[in-house]
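Peer 1: For reference, the structure I am asking about is given below.
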Amino acid sequence: MAIWDNLFKQRKKTNKKQRHYKAAQSNNLFADWIGGSSNADSNIKFNLRKIRDRCREQARNNDYAKRYLQLLVTNVVGQNGIRMQSKARNDDGNLDTIGNQVLENEWKKWCRIGNCTIDGKMSFVDAQKLFIETLARDGEVLIRHITTNNPLDPYRIQFLDADYLDEEENKTLNNGQEIIMGVKLDKYGKPITYYLFKEHPHNKGFNNYDRSHIEVPAQDIIHAFQADRPEQTRGLPFMTTALSRMKMLDGYEEAELVAARVGASKMGFFTSPAGDGYTGEDTDDDYTPVMNAEAGTFEQLPDGMDFKTFDPQHPSSGFDGFHKSILRGIASGLGISYVSLANNLEGVNYSSIRQGTLEERDNYRILQRFMIDHFIQPVFDKWLLQTMSFKDNFMLPPDKYDKFADNAIFVPRSWGWIDPVKEVKANIDGLNAGVVTMQDVQANYGRDVEELFEQHSREEEIAKLYDVKTAYQPFGAIKMPIDAEIQDDGDEDEQGE
């Protein structure tokens with residue numbers, strides 16, 4: 001019985017092991033896989049400054065980091081930025097055409113250079129570009145609302161470097177509140193106050209700055225970052241996971257470049273049994289004889305001397321494949337395609353580039369939505385409230401704030417089609433089948449269907465004004481061919497006679 005009992009216990013123990021997750025194993029294969037339990041802020045607190053500084057260095061010196069930031073600015077913001085359109089309606093349900101036009105005109109004026117930022121150096125499109133670039137490189141963006149009662153200048157924004165927010169300011173308060181990396185939070189984790197340095201901490205050196213703070217209420221600050229975990233207080237740069245690969249690839253390229261230059265310069269050593277006998281043409285470091293070679297010349301060596309070539313084979317044949325492999329990993333960490341990051345269209349066909357481009361654009365749309373929710377909408381709401389309340393000669397009264405604030409839409413940039421003929425045909429088929437609408441199609445162009453109809457109507461009026469006949473009619477109208485006007489000069493009749 002004892003034997004059966006032992007077998008039963010052994011089998012029971014083995015079955016228990018089989019129920020474990022392989023990812024939790026601690027054998028020799030996973031001995032270097034170390035992970036600790038901690039909240040998001042604990043991981044960020046001691047690494048934020050170093051990661052941010054390294055990302056800034058790569059943005060200054062690494063071609064691919066610079067390319068990534070350029071792609072974000074180009075695709076998320078674009079040439080004209082994210083535009084505001086007012087779609088407020090009157091009580092009868094019709095669009096408030098006059099009020100919407102007034103609001104859009106005033107917003108355009110404020111978005112010009114000199115009107116929107118406190119330093120007067122940027123337009124609002126410039127501010128959008130700075131926002132997305134700072135978000136990706138630094139991991140977070142600090143913007144301060146500057147409000148006044150001045151009827152000529154009631155509202156502006158001020159961009160602040162993320163270094164102003166002191167990540168070393170951490171305290172637990174008696175009232176259930178706490179300060180985490182410069183942000184005072186209530187018991188639910190909602191920001192109450194931001195502790196900002198009075199001056200930039202690195203203007204006068206790392207340790208020679210005024211470490212006193214100013215406390216800015218949270219309602220006066222936009223602190224935008226993408227949270228990766230719940231209860232996260234500060235943001236990390238987008239390049240964090242790809243940073244090590246970017247640095248290593250940069251070092252590898254430099255090493256291969258140096259090796260290639262050495263390989264292109266054919267060199268060698270003179271040898272002899274006694275280690276001497278060659279005087280050379282000159283000396284290096286006052287004692288090593290050297291010879292300067294010229295093209296098409298040969299030199300007779302003394303008796304007993306031999307020449308050993310030094311001929312490194314670089315760049316090696318494996319460089320290109322290894323470089324592509326590492327760069328693909330970097331592109332995956334950055335959330336963009338390898339083709340875009342490397343500017344390499346080698347071996348790309350329509351289907352593959354379309355699939356990669358569409359997935360990449362979906363990521364850009366996520367960032368556009370983030371910009372609207374965390375930057376453009378809060379700025380617009382603050383501007384509208386201050387403008388309605390204090391600006392002279394503004395035609396919209398303050399009691400209409402909710403009407404216009406709730407009906408403002410923001411239209412981001414769109415992208416051109418990869419193959420226009422195929423895409424247009426697909427949209428026509430979708431419209432005919434009723435699975436898409438004109439608004440769905442126009443959204444790809446960064447506008448709405450009302451703008452489309454308005455533009456068509458305007459062009460028809462212009463054509464009538466200049467007596468121009470067009471050979472097409474949009475929206476499925478019957479295409480009537482235009483009869484050609486043949487000029488009869490009489491030559492045919494004369495020939496017939």
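Peer 1: Got a number for residues in the range 88-135 being of a type in the set (Gly, Ala, Ser), assigned to a loop (DSSP other than H, G, I, E, B) and out of contact with any Asp or Glu (no Cβ under 9 Å at 6 or more places or on another chain)? Even if it seems obvious, please write down each step before you answer.
Peer 2: Taking the range 88-135 as the starting set, the residues that turn out to be of a type in the set (Gly, Ala, Ser) are 88, 93, 99, 114, 120, 123, 127.
So of that shortlist, the ones also assigned to a loop (DSSP other than H, G, I, E, B) come out as 88, 93, 114, 120, 123.
Still in the list and also out of contact with any Asp or Glu (no Cβ under 9 Å at 6 or more places or on another chain): 93, 114, 120, 123.
Here the count works out to 4.
Peer 1: Please go through the range 376-404 and pick out each residue that is touching a Phe, Trp or Tyr at 6+ places or on another chain (Cβ under 9 Å) and open to solvent by less than 30 Å² (accessible area, probe 1.4 Å).
Peer 2: Those that are touching a Phe, Trp or Tyr at 6+ places or on another chain (Cβ under 9 Å) and open to solvent by less than 30 Å² (accessible area, probe 1.4 Å): Ile376, Val379, Phe380, Trp383, Leu384, Gln386, Thr387, Met388, Leu396.
Peer 1: Within the set of pairs 6 or more residues apart or between chains, which connect a residue that is open to solvent by 50 Å² or more (accessible area, probe 1.4 Å) inside the range 36-53 to a residue that is not β-branched (Val, Ile, Thr) with Cβ atoms less than 7 Å apart?
Peer 2: Asn39/Glu231; Lys45/Glu167; Lys45/Met181; Arg49/Glu167
Peer 1: Would you pick out the residues in the range 19-35 that are surrounded by fewer than 10 Cβ atoms within 10 Å (Cβ to Cβ), assigned to a loop (DSSP other than H, G, I, E, B) and of a type outside the set (S, T, N, Q)? Before you say what the answer is, go through the steps one by one.
Peer 2: The initial filter retains those residues of the range 19-35 that are surrounded by fewer than 10 Cβ atoms within 10 Å (Cβ to Cβ), namely 19-24, 26-29, 31-32, 34-35.
Remaining after also requiring assigned to a loop (DSSP other than H, G, I, E, B): 19-21, 26-27, 31-32, 34-35.
Within the range 19-35, Arg19, His20, Tyr21, Ala31, Asp32, Ile34, Gly35 qualify.
Peer 1: Could you go through the range 335-350 and let me know if any residue there is farther than 22 Å from Gln58 by Cα and in a helix (DSSP H, G or I).
Peer 2: The first filter runs over the range 335-350 and keeps only residues farther than 22 Å from Gln58 by Cα, leaving 345-350.
Now drop any that are not in a helix (DSSP H, G or I), which leaves 350.
Scanning the range 335-350 turns up at least one residue that is farther than 22 Å from Gln58 by Cα and in a helix (DSSP H, G or I).
Peer 1: Just the residues that are surrounded by fewer than 19 Cβ atoms within 10 Å (Cβ to Cβ), at pLDDT 95 or above and among the polar types (S, T, N, Q), please, taken from the range 93-132.
Peer 2: Across the range 93-132, the qualifying residue is only Ser123.
Peer 1: Can I ask one more? Among the residues that make up the range 433-442, is at least one of them within 25 Å of Asp126 (Cβ to Cβ) and part of a helix (DSSP H, G or I)?
Peer 2: Of the residues in the range 433-442, the ones within 25 Å of Asp126 (Cβ to Cβ) are none.
Checked the range 433-442: no residue is within 25 Å of Asp126 (Cβ to Cβ) and part of a helix (DSSP H, G or I).
Peer 1: Got a sec? Which of Glu450, Glu423, Glu460 is more than 32 Å from the chain's Cα centre (by Cα) and either charged (D, E, K, R) or at pLDDT 80 or above (or both)?
Peer 2: Numbers: Glu450 fails: more than 32 Å from the chain's Cα centre (by Cα); Glu423 fails: more than 32 Å from the chain's Cα centre (by Cα).
Exactly one residue qualifies, and that residue is Glu460.
Peer 1: Pick from Lys204, Lys190: which is surrounded by fewer than 17 Cβ atoms within 10 Å (Cβ to Cβ), modelled with pLDDT of 90 or more and basic (Lys, Arg)?
Peer 2: On the way: Lys204 fails: modelled with pLDDT of 90 or more.
Step by step, each of Lys204, Lys190 is checked, and only Lys190 is surrounded by fewer than 17 Cβ atoms within 10 Å (Cβ to Cβ), modelled with pLDDT of 90 or more and basic (Lys, Arg).
Peer 1: Same structure again: For His200, indicate whether it is in contact with a strand residue (DSSP E or B) (Cβ under 6 Å, 6 or more places away or on another chain) and farther than 22 Å from Asn43 by Cα.
Peer 2: no
Peer 1: Out of the strands (runs of 3 or more DSSP E) lying entirely within the range 139-218, which hold 2 or more residues that are within 22 Å of Gly235 (Cα to Cα) and within 28 Å of the chain's Cα centre (by Cα)? Break it down stepwise before answering.
Peer 2: Working: elements: 141-147, 155-160, 178-180, 183-185, 191-197, 213-217.
Counting at least 2 such residues, we get 141-147, 155-160, 191-197.
Peer 1: Do you know which residues across the range 405-429 are part of a helix (DSSP H, G or I) and open to solvent by 40 Å² or more (accessible area, probe 1.4 Å)? Full working, then the answer.
Peer 2: Within the range 405-429, the first condition is being part of a helix (DSSP H, G or I), and the residues that meet it are 405, 420-429.
Those that are part of a helix (DSSP H, G or I) and open to solvent by 40 Å² or more (accessible area, probe 1.4 Å): Pro420, Val421, Lys422, Val424, Lys425, Ala426, Ile428, Asp429.
Peer 1: Scan (1) free of Cβ contacts under 8 Å to residues at least 40 places away in the same chain; (2) part of a helix (DSSP H, G or I); (3) of a type outside the set (D, E, K, R) for the single condition Leu69 breaks and write down its number.
Peer 2: (1)
Peer 1: Would you confirm, using the coordinates I've provided, whether Ile179 is touching an Asp or Glu at 6+ places or on another chain (Cβ under 7 Å), farther than 19 Å from Val379 by Cβ and not small (Gly, Ala, Ser)? Even if it seems obvious, please write down each step before you answer.
Peer 2: Values: touching an Asp or Glu at 6+ places or on another chain (Cβ under 7 Å): yes; farther than 19 Å from Val379 by Cβ: yes; not small (Gly, Ala, Ser): yes.
So Ile179 passes the test.
Peer 1: Hey, another quick one. Which of the numbered conditions does Asp228 fail, given that it passes all the others? Conditions: (1) under 19 Å from Cys55 (Cα atoms); (2) open to solvent by less than 40 Å² (accessible area, probe 1.4 Å); (3) not basic (Lys, Arg).
Peer 2: That leaves (2) as the condition not met.
Peer 1: Could you list, ordered by first residue, the pairs with Cβ atoms under 8 Å in which the first is in the range 152-181 and on the phi > 0 side of the Ramachandran plot and the second is part of a strand (DSSP E or B) and buried (at least 19 other Cβ atoms within 10 Å of the Cβ), at least 6 apart or interchain?
Peer 2: Close Cβ pairs (under 8 Å, with a partner that is part of a strand (DSSP E or B) and buried (at least 19 other Cβ atoms within 10 Å of the Cβ)) amount to Met181/Leu165.
The values are calculated or read from the model by the stated rules, or taken from the named source; none is laboratory data. Worth saying up front: this structure is predicted, and the values here are computed from it rather than measured. Cβ atoms come from the backbone with ideal geometry, glycine included; neighbour counts cover every protein chain shown. With ligands, DNA and RNA removed, areas are computed over all heavy atoms of the protein, side chains included. Shrake-Rupley method; radii C 1.70, N 1.55, O 1.52, S 1.80 Å.
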